[in-house]
Structures are given as C-alpha cells and as structure tokens.
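Here is the structure we will look at, set down as structure tokens.
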Amino acid sequence: MRLSNRCYAVTGLGYSAPWCVNAGFVAGDRLTLVVDTGGNALAAQTVHGYACAARPGNQLRVIDTEKHFDHIGGNGFFRELGIDVWGHAGIARPAAEFEAEIAEFNDAIPSPARRARGEARAFFHGTQLANPNRRIDADTRFDLGGCTAEILLTPGHTATNLSVWAPEDGVLYTGDCVVCEYLPNLDAGGPADWRVWLASLDRIESLRPAVIVPGHGPVARGGEVQAAIGAVRRVIEEAIARGASPTAGGVA
Ligand SMILES: [Zn+2]
C-alpha cells in the first residue's frame, strides 16, 4: 500500500502462524530502497514486483532490518538479480540454521500427511539463504535521488536490528523493534538486551514519525504510533521487572 509520496508498505506476507510479516520500500527518483525481503523467495517476488511497478527503471537496493529468517528469507531472490543487500554486520546465518528453520516449519504442520510430504519445502520453494553482501555497522544515510533514507541502529530485539527513516515523509520502518497487535518477541535476548531495546524505542519516539511500518501487524498512523510504541515499551518493562519474557518457553 502507498503510505506517502515516496513510501510504501507490503504487508501480510506469510510466515508461521500466527505471524505474518511486513516489508516495504522507499522510492527515490533514481534508487528504490527495499526494506526486508519477506520469509521466502515467493514473498520476495511480490515485494520486487510492487517496487518495480511503483517506480519502473529505478535501481534497487535492499536493506535487512535484522537477522531472523522472516525478514531475510527473500534475500537470495534479490541477490540472484545482482541487487545489493545491505544489513547489520552481525547478520551471518549459516546454512545449517536455515535448514533447521525449514525442519521446524515442517514439524509444526498439523496434518500428518502434509508433514510426511515435507510441505515446508513448498513454502520455501526456490529460497536460497543469502546473507547481506554490504555491511552496516553505524548509522548511515542513503541518497535515493530527491529524498533520503536514514538507516538507524535500533538494537534490542536482536543486536542486528535497525530501522529505516524517511524524514521527508515522516515514515519509519521499524522491523521488530515495534510490532503491532502481537506481543513483541523478547526471546532472542535477556534483560540487558531489553534495556537496550527501551533505549531504541526512546530513539524512534523522538523522531515523531507520522507512520510506522512495524515488522509484524498493521501499519500505525497518527495517534496509533504512540500507542504502538507504548504497548511494546510496557511489555518490555514488565519483562525486566519479572526477569522473564512473556513468551518464555514458547516459539516466536
Ligand atoms: Zn520478525
């Protein structure tokens, strides 16, 4: 969906229930910055198609907001097209971890017949693991032609999380630093990481975004932005007080 003059969201891409995952892009005059690639090659095809249709002829560049496979699973699709994928220097997923993710997907299929057929392979059809080929280890600014995109390190959910800020349009792509409707996933770290996450929330709140594209869930606009950030902050503060993630022991 189009959010502003330059910014678009591609929402509702598939992942393991109940999760769907978001991506998006910022279209400059000569460069379109794709934010996340979905969980598989088919999602990447969708994101790529929208990005090309919105601004035909633009060069494409990809940025990953974090290391988890729901955000980087489509990287291989873009790399096969010769498109650079930028991401935090800490994103380097070994092939064995990707194979384990596919196995976990398959184990979670309720139907024994589909499990036996290995239908998780259908979800990951054509999907090749590809890590970023361009590294980010500090805040960075991309000139997209006629507009800029600021890459801001916003760690906490993982150490590799970053956000993409389109200042002229007031649109912020947060990755999983903010999720809407879902409980945030705190299981990738502990209280020290969660305190870092709170500082990242302070940082993005200070930008006063008009629109947030969260890593998961519906886009937040206007007063929903403050509410979405506040909801994540409360969950983290409670987890720090209890010393435990609200979903500890589960899979998220
Ligand atoms: Zn995610």
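The values are calculated or read from the model by the stated rules, or taken from the named source; none is laboratory data. This is a predicted model, so every value here is computed, not measured. We place every Cβ from the backbone using ideal geometry, glycine too, and count neighbours over all the protein chains shown. Ligands, DNA and RNA are excluded from the accessible area calculation, which covers all protein heavy atoms including side chains. Shrake-Rupley method; radii C 1.70, N 1.55, O 1.52, S 1.80 Å.
When segment 97-113 is filtered for residues that are more than 22 Å from the chain's Cα centre (by Cα) and open to solvent by 60 Å² or more (accessible area, probe 1.4 Å), the ones remaining, listed by number, are ASP107, ALA108, PRO110, PRO112, ALA113.
Give me the residue from segment 140-167 that is aliphatic (A, V, I, L, M) and within 18 Å of the chain's Cα centre (by Cα) and, out of that set, nearest to the ligand (Cβ to nearest atom). Steps first, answer last, please.
So the first thing to find is which residues in segment 140-167 are aliphatic (A, V, I, L, M), and the list is 144, 149, 151-153, 159, 162, 164, 166.
Narrowing the set further to residues that are within 18 Å of the chain's Cα centre (by Cα) leaves 149, 151-153, 159, 162, 164, 166.
Values: ALA149: 20, ILE151: 18, LEU152: 18, LEU153: 17, ALA159: 15, LEU162: 13, VAL164: 15, ALA166: 20 Å.
Among residues in segment 140-167 that are aliphatic (A, V, I, L, M) and within 18 Å of the chain's Cα centre (by Cα), the one nearest to the ligand (Cβ to nearest atom) is LEU162.
Any residue at all in segment 199-207 that's in contact with a helix residue (DSSP H, G or I) (Cβ under 7 Å, 6 or more places away or on another chain), open to solvent by 10 Å² or more (accessible area, probe 1.4 Å), free of Cβ contacts under 8 Å to residues at least 60 places away in the same chain and within 23 Å of THR11 (Cα to Cα)? Among the residues of segment 199-207, at least one is in contact with a helix residue (DSSP H, G or I) (Cβ under 7 Å, 6 or more places away or on another chain), open to solvent by 10 Å² or more (accessible area, probe 1.4 Å), free of Cβ contacts under 8 Å to residues at least 60 places away in the same chain and within 23 Å of THR11 (Cα to Cα), which makes the answer yes.
Take the conditions (1) within 16 Å of the ligand (Cβ to nearest atom); (2) open to solvent by 10 Å² or more (accessible area, probe 1.4 Å); (3) in a strand (DSSP E or B); ILE212 misses just one of them, which is (2).
Checking each residue in segment 24-50 for being within 17 Å of the chain's Cα centre (by Cα), within 20 Å of PRO167 (Cβ to Cβ) and in contact (Cβ under 8 Å) with a residue 40 or more places away in the chain picks out GLY24, VAL26, THR32, LEU33, VAL34, VAL35, ASP36.
From GLY190, GLY170, grab the single residue that is closer than 19 Å to LEU3 by Cα, more than 16 Å from the ligand (Cβ to nearest atom) and out of contact with any strand residue (DSSP E or B) (no Cβ under 6 Å at 6 or more places or on another chain).
Values: GLY190 fails: closer than 19 Å to LEU3 by Cα.
None of the other options fit; the residue is GLY170.
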